[in-house]
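The structure under discussion appears below in the form of structure tokens.
The values are calculated or read from the model by the stated rules, or taken from the named source; none is laboratory data. Keep in mind it's a predicted model, so treat the numbers as computed, not measured. Every residue, glycine among them, receives a Cβ derived from its backbone with ideal geometry; neighbour counts consider all protein chains shown.
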Amino acid sequence: MQAVPTGVGPRRLLGRIRDVMAGEASAQAKLDKVVQIIAAGMVAEVCSVYILRAGEVLELFATKGLRRRAVHQTRLRVGEGLVGEIAAHAQPLALDDAQSHPAFAYRPETGEEAYRSLMGVPILRSGRVAGVLVVQNKLARTYSDEEIEAMQITAMVLAELVASGDLVNPGERAPAEGNALLPIRLDGMSLNGGMAMGTAVIHQPDVAIRQVVAEDPEVELIRLNEAVEAVHRELDRLFGRGELAAAGEHHDVLEAYRMVASDAGWIGRIEDAIRSGLTAEAGVQQVREHTRARMSQITDPYLRERLDDMEDLSLRLLQQLAGAANGTTARELPDDVVLVARSVGPAELLDYDPARLRGLIMERGSATAHVSIVARALDIPVIGQIKDLFSRVDAGDTVIVDAENRQVFVRPVEDVQQSFHETLRLRAERRQAFAQLRDLPAVTLDGTEVSLNINAGLELDVPQVHSTGADGIGLFRTEIPFMVRAAYPDVAAQTALYRAVLDQAEGKPVVFRTLDVGGDKDLPYFESEAGENPALGWRAIRIALDRPAMLRQQVRALVRAADGRSLSIMFPMIAEVAEFAHARKVVEMELAREKTAGRTLPEKLSVGAMVEVPSLLWQLPSLVERVDFLSVGSNDLLQFLFATDRGNPRMSERYDPLSPPVLRVLRDLARTADKAGVPLSLCGEMASRPLEAMALVGLGYRTMSLTSSSMGPVKTMVRSLRLRPLADYMRSILDSPEHSLRDRLRAFAQDHDVIL
Ligand code: PEP
Ligand code: MG
């Protein structure tokens, strides 16, 4: 492959483009000149500009190197060909062999077949694609990161020309076009539950950069410095706000964010870019583009979140710099805002008035992303991972966010809006009805008490034990706080966390599950060895037993946090009795150590196992002799019983938890535990659904742990149920060979007035 010498540096290239822009010529003439300059500057045989027109069409507007007659003739749809690909993903593309790329689309009128390599970048305006800038070379050429960055900076300048409206009437891309008005439904991943309806507000992360080349770098460095300080002041104000004042993991998140804002390496890179001749804005933008390019290659969730933070902070800096120059004013927001974004940083979310913010939908995002955690603190539904969201929703569209069903309705027809209004009204009514149940016991009509507990994983979740009237926390997933932290929490940090949980639970029991990490639950600072089947890999108790220091530290922190109070510890993914015995020994060693050190031991210590690996089902007699309690992890147990990945949406409906094999396994387990006098609960998602919970009660389960939002519906079910006829009925159907007993159980509920 041939190494091609790079042309002039970005500074000189931009200087020349700026001279053209400042001239008197028409916009088209300027564009024609600019492609010549870029082709020469980038040492490319071809440079072309495509501009997005109505109907999602990219039209060739200017070229140096392709056939002239193709200008204004060649048109590609977004997503079609390599140019369409760049527009669809709003990402640069650099290929040394363009024609072997699957998206390559040959257009005979352009004469493109002569060119082997291609590099293109999107022309972005306000975060949206306005066009594509491309260079091509005859020979195979590897474009360097610096060259891609230079093109991105050039595209920033072109964006201004497009925005001027002299090339394409800006009204042409208004949403009143064809498909844009049709109602659509988009699917994504629920990152925080709930439902909302509102008006789409596009989170516009891009600030127009008017000047790219600096007159005086020293002045620009001072401007940068002032902007950095202003951002710090702003963060102090945002993070100190009332609804965020309470302690919780979001504090860790916000603190980590603040650390990024002070990161000397990041600021240093921006300063270097300024010293190379860019304005402060262009310097920030250059480092931002570089970060984005890195981000696309990074899969590590922690690093991605750090880079997301940097993206968020870059934008803040740009806004500061632009604001200082333009005196920007706060935007008018509708009363009910559904924020539409590629991604949003935690601080950016806080820029929107929480009194108006109803929901958040994003192209990116994960459940542990910092913004999801902050959104949880604000209690707004969030759906992420929505493909091509940005090109399918326009500002002002009515949007329904249904995070319960992982879907978004855009521009819903009147009927859908009406029925959604009705759903929201009913939900509000039900919530009120559930609130009235809060202090009533979960007891069946024939007097059997069922203990209902909640699942938690963040300190933020703990107050719900009181607001829902739960008996306690039946599963505290300790790995979640580990996952949102920047570094492994030492014993002191863990002690503080567990103490806060116990303090807030105010004496209600909490079952702490030891770290269930590894596999797909990666800790950023812990080297994982996921293997090809992470769920079956080195995870949970397997890591704990191989690295006993981790388990010992966790137990030490739990004992210290309990400080004489009762303590329950549960081990995940136990596959054999020997593993449980070994883990229990580690706990005992730690207790002995704490005792010798003169610390107060828990007044009562219960050590239990999760039943989620099927092998354990054949070791129950010896297991029940050694455990203080058992808890079924139905999420994992079902995935292992049916050999179906619990995270694979294609498989999620294939097998039913309410099928005879599952129910028989659960029944046998309940019988064995009952006979041995060992307390048994179920803490997987199964307990959170009223019909499934009804079946569990029918099989003998008297303790369940559920998502807090399910407390109301499940308690309502229990209080409307007569246990005796249900238990009799279930006995009569469990041997059925059917695929599922769901319909039968639903019919039973209907016939017996059980409220589901
Ligand atoms: C389960 O597997 O059912 C469970 C409760 O644990 P997790 O969902 O955290 O794996
Ligand atoms: Mg599990």
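Taken over region 687-708, residues that are more than 16 Å from ligand 1 (Cβ to nearest atom) and either under 23 Å from Ala428 (Cα atoms) or free of Cβ contacts under 8 Å to residues at least 24 places away in the same chain (or both) amount to 2.
For Gly684, indicate whether it is among the small types (Gly, Ala, Ser) and more than 16 Å from ligand 1 (Cβ to nearest atom). So Gly684 fails the test. Go through (1) of a type in the set (D, E, K, R); (2) without any contact (Cβ under 8 Å) to a residue 24 or more places away in the chain; (3) under 21 Å from Ala535 (Cβ atoms) for Lys595 and report which single condition fails. (3) is the only condition that Lys595 fails.
Just one of the numbered conditions (1) away from ligand 2 (no atom under 16 Å from the Cβ); (2) touching a Pro at 6+ places or on another chain (Cβ under 8 Å) is not true of Asp668: (2). In region 560-576, of all residues being of a type outside the set (Lys, Arg) and more than 16 Å from ligand 2 (Cβ to nearest atom), the one that is surrounded by the most Cβ atoms within 10 Å (Cβ to Cβ) corresponds to Leu567.
Set side by side, the residues Met704, Met651, Met711, Met686 differ, and just one is away from ligand 2 (no atom under 16 Å from the Cβ), surrounded by 20 or more Cβ atoms within 10 Å (Cβ to Cβ) and among the aliphatic types (A, V, I, L, M), which is Met711. With the condition kept exactly as written, say whether any residue in region 154-167 is over 30 Å from the mean Cα position of the chain (by Cα), surrounded by fewer than 15 Cβ atoms within 10 Å (Cβ to Cβ) and at pLDDT below 75. Taking every residue of region 154-167 in turn, none turns out to be over 30 Å from the mean Cα position of the chain (by Cα), surrounded by fewer than 15 Cβ atoms within 10 Å (Cβ to Cβ) and at pLDDT below 75. Among the candidates Leu630, Leu623, the residue that is farther than 22 Å from Leu745 by Cα and within 16 Å of ligand 1 (Cβ to nearest atom) is uniquely Leu630. Yes or no: Leu313 farther than 23 Å from Val212 by Cα, out of contact with any His (no Cβ under 8 Å at 6 or more places or on another chain) and modelled with pLDDT of 70 or more? Considered against the rule, which asks whether it is farther than 23 Å from Val212 by Cα, out of contact with any His (no Cβ under 8 Å at 6 or more places or on another chain) and modelled with pLDDT of 70 or more, Leu313 comes out as no. Of the strands (runs of 3 or more DSSP E) lying entirely inside region 52-108, those carrying at least 3 residues that are modelled with pLDDT of 90 or more and closer than 28 Å to Thr291 by Cα are 93-95. Within the set Ala486, Ala530, Ala492, Ala549, the sole residue that is modelled with pLDDT of 95 or more, among the aliphatic types (A, V, I, L, M) and surrounded by fewer than 18 Cβ atoms within 10 Å (Cβ to Cβ) turns out to be Ala492. Among residues of region 550-561 being free of Cβ contacts under 8 Å to residues at least 60 places away in the same chain and over 31 Å from the mean Cα position of the chain (by Cα), the one that is farthest from Met589 (Cα to Cα) is Val559. Take region 633-676 and flag every residue that is of a type in the set (S, T, N, Q) and away from ligand 1 (no atom under 12 Å from the Cβ). Of everything in region 633-676, those that are of a type in the set (S, T, N, Q) and away from ligand 1 (no atom under 12 Å from the Cβ) turn out to be Thr644, Asn648, Ser652, Ser659, Thr672. Out of the residues in region 596-648 that are among the hydroxyl-bearing types (Ser, Thr, Tyr) and within 12 Å of ligand 2 (Cβ to nearest atom), which is modelled with the highest pLDDT? Among them, the one singled out is Ser631. Residues in region 537-548 include at least one that is in a helix (DSSP H, G or I), under 19 Å from Leu475 (Cα atoms) and within 16 Å of ligand 1 (Cβ to nearest atom). Check region 662-670 and report whether any residue there is surrounded by fewer than 18 Cβ atoms within 10 Å (Cβ to Cβ) and either without any contact (Cβ under 8 Å) to a residue 40 or more places away in the chain or out of contact with any helix residue (DSSP H, G or I) (no Cβ under 7 Å at 6 or more places or on another chain) (or both). Scanning region 662-670 turns up at least one residue that is surrounded by fewer than 18 Cβ atoms within 10 Å (Cβ to Cβ) and either without any contact (Cβ under 8 Å) to a residue 40 or more places away in the chain or out of contact with any helix residue (DSSP H, G or I) (no Cβ under 7 Å at 6 or more places or on another chain) (or both).
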